[in-house]
Each structure stands twice: as structure tokens, then as C-alpha cells.
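Participant: Submitted below is the structure of interest, expressed as C-alpha cells.
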Amino acid sequence: MILISNDIISGVTFTASTTATTTSMGLPATTTIESARFVDRKTGNIFDLSLETGDTRRVTNTTIPRNKEALFGVNGSAVALRYLASDNETIETFVAPLSIDPFASSTELIGTFFQQNIPSLVFSPDTTELFYLTVTNTGATGRIASLAGNNARTIFSSPLTEWIASWSNPSSVFLSTKPSYVAPGLTKRVTVAAGAETTVLSGTRGLTTLPSPSGTRVLYSSSDGTATQASIYDTGTRTSSPMLLSTLPEKCVWVDDDRVICAVPSTLDASLPDSWYQNSVSFTDTFWMFDASTGLVDFLFDPKETPAEALVDATNLVLSRDTTILAFINKKDLHGWVADLTISN
């Protein structure tokens, strides 16, 4: 494992740029430069860490302090910076496109401020649009807009106000109620074109979810205050299968529609996910791959047994384009790490 930065970060992704080159014999070839792109939590500056050389390059030089969350579009081509205003209550959301040119000079971050106090926001799979929620006294409204905030259209409304959005499949957005082990949860699938709603999961306490890339499967966890169980829901057959190892979907990332990589705690608190969200508990994870088509699990690595000897409570997991490099944020101290899954870490 390699530490991404000595400073704490608020978001991480991977970006790759392919350029045409020629070989020493004059034959056409291509060169792909891939980096871990991250946001410095204190300054809001964006950097690229080269996976080949280990060098760090500044991408933007605009200071946006007090960052709490940074969301990236596909290939790091856009960013949504979310932070508290000076009153420590108002949530600001700033969205901007980003260059993926690995040789570009550091530039000013130019973008758009969206409506204040957006509780949940997610980029479309191609990063041309985003879905965001707004809340009033009458409920929540979900809209799709361009990255500049233009052409907004409503596709969802609900008297319930607390939802978490996920947009992995181009045709539909998944919405899950904010989870608690003391209350039953609900997950809906909303079509992008018409706003048609389908209930995916309901009545499950402690429900938290992570849809697969096509939306054919949903990784979810449930908790009744005494035990936490992770399962895979098949949206086609409408059946659930328990995973052999329990964790939270927020500690996982899909490789494809069959395989998912998860950070698995050595022990699970009974009051999940509430206690983990509230930082009243912290876990020590090992990393595993689960195959939903076979039900089998494979051990990947234990951060404690790597040269880094790190105690990790992983979140914000993301994979490189070829799925061989994993990046994540350690919730214990907000530092970012990358791990090569093809070698012993």
C-alpha cells in the first residue's frame, strides 16, 4: 500500500489519459498515463499522483477550504466539492469540469454553485449530467441537470426527505432512505427518462445499499440492533443471497456485475450503521473479493500485514480503469491509500 498524500483528503478517484505515440522503429503506438486524483481536504486543491512514477502534480490552484466531501465524475473529468459555509451550517456545493491531460499546467477551478443544502448529489455514469435532491417542508425533490446547473428537470418527489442517491446505470437512479437500525428502510429505482418508480427493497432495518454497474444486483446490509448481515439482491429474480462475510456497502466497490471488493471489519458493532456514521465506533479491516455468481470469497490483503502496517477503517473505495489498483480513504484519520491488487501489499 502507498500513502496518497501526507495531508488528509476529502475524495479520491482514478484518471487515465491515452495519447498517440510512435515506437523506436516508427510504428504507431499509444501511451496511457494513469493517476490517483485526490482533493486536499484543507485547501480544496486537486492533485494527481502518478501510478507509474509516484510523482504528485497539482491540477487546480483554487483554494476552497473546509471541504467535507469531494465527488468525482468518471475518469476524474469533473468534481463536486461540498463544504460548510462560514456559519458552519449551510452546505455549499460547487461543481466544475476537470482536465485529464497529464501534462496540463495547474489552473483555476471554474464551475457553478448549486442550490445550498443539497443532501445528496451524484454524477451520471458519463458525467454529462448530475442528479441532486432538494428538501422543503413538504418533502424531497430529485432533479437532473447539466454540470452547469442548466436544463434541470424533475424526475422524483417524495414526502420523505432523507434519501441517498446512486447512479451507476445510465437509465435509472437508485434512491435509498438514510439508514438506521431502529427503522425499516426503502430503496427505489427511478427511470431517468420518465421518472417511473419501482420498489427494490423495503421493510429492512439498517438498510444501506450499493447497486452494481448495470443495476442487475444490489449489495445491501441490514441490522436489527443485534447483528448485521450483508446480502446480494438480484433485481431480475427478486431474490436475496447472504454474503459469507458481513460488512457495509459503503466499504465496497463493484468490479463488474458479478464481483465486488469489500473492506471487511474484524468485528461488527450491533448498532450499525448508525454508530459508524456517528464515529462512535471504528473498525479494523481486511480486504476481500466476493463473487455473487458463485457465492465464493477470496482474501486480497490485510493492511496490518503490509509494509505500511496500517490500521484501516476503509471507505470511499474506487478502482482503476483496469481494476488492478484500489484506492480508498481511511476513516480513522482521513488519509488516502492506493493498493496494487496484483501483488502482495
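Participant: Considering every residue within segment 186-200, establish whether at least one is touching a residue at least 40 places away in the same chain (Cβ under 8 Å), within 23 Å of N316 (Cβ to Cβ) and β-branched (V, I, T).
Facilitator: To start, the set of residues in segment 186-200 that are touching a residue at least 40 places away in the same chain (Cβ under 8 Å) comprises 189-190, 192, 195, 197.
Next, only the ones that are within 23 Å of N316 (Cβ to Cβ) stay: none.
No: zero hits.
To keep it simple, each residue is scored yes or no on (1) surrounded by 20 or more Cβ atoms within 10 Å (Cβ to Cβ); (2) modelled with pLDDT of 95 or more; (3) under 19 Å from A36 (Cα atoms); (4) in contact with a helix residue (DSSP H, G or I) (Cβ under 7 Å, 6 or more places away or on another chain).
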residue: K251; (1), (2), (3), (4): yes, yes, yes, no
residue: W254; (1), (2), (3), (4): yes, yes, yes, no
residue: T284; (1), (2), (3), (4): no, yes, no, no
residue: G295; (1), (2), (3), (4): no, no, no, no
residue: P307; (1), (2), (3), (4): no, no, no, no
residue: G336; (1), (2), (3), (4): yes, yes, yes, no
residue: N345; (1), (2), (3), (4): yes, no, yes, no
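Participant: Suppose the filter is basic (K, R), over 23 Å from Q115 (Cβ atoms) and open to solvent by 30 Å² or more (accessible area, probe 1.4 Å); does R189 pass it?
Facilitator: yes
Participant: Moving on to the next point. Would you point out which residue out of S180, S223, S212 is in contact with a Lys or Arg (Cβ under 9 Å, 6 or more places away or on another chain) and surrounded by 21 or more Cβ atoms within 10 Å (Cβ to Cβ)? Full working, then the answer.
Facilitator: Values: S180 fails: surrounded by 21 or more Cβ atoms within 10 Å (Cβ to Cβ); S212 fails: in contact with a Lys or Arg (Cβ under 9 Å, 6 or more places away or on another chain).
None of the other options fit; the residue is S223.
Participant: Would you be able to tell me the number of residues in segment 38-96 that are charged (D, E, K, R), closer than 11 Å to G11 by Cα and open to solvent by less than 40 Å² (accessible area, probe 1.4 Å)?
Facilitator: 2
Participant: Open to solvent by 10 Å² or more (accessible area, probe 1.4 Å), out of contact with any Cys (no Cβ under 7 Å at 6 or more places or on another chain) and not in a strand (DSSP E or B): does that describe L244?
Facilitator: For L244, the condition - open to solvent by 10 Å² or more (accessible area, probe 1.4 Å), out of contact with any Cys (no Cβ under 7 Å at 6 or more places or on another chain) and not in a strand (DSSP E or B) - is met.
Participant: Restricting to segment 163-209, what's the tally of residues that are in a strand (DSSP E or B) and either in contact with a Cys (Cβ under 6 Å, 6 or more places away or on another chain) or on the phi > 0 side of the Ramachandran plot (or both)?
Facilitator: Matching residues across segment 163-209 total 1.
The values are calculated or read from the model by the stated rules, or taken from the named source; none is laboratory data. Quick caveat: nothing in here was measured; it's all calculated off a predicted structure. Quick reminder, even Gly has a Cβ in these numbers, built from the backbone with ideal geometry, and neighbours come from all protein chains shown. Please note that ligands, DNA and RNA were not included when accessible areas were found on the heavy atoms of the full protein model with its side chains. Shrake-Rupley method; radii C 1.70, N 1.55, O 1.52, S 1.80 Å.
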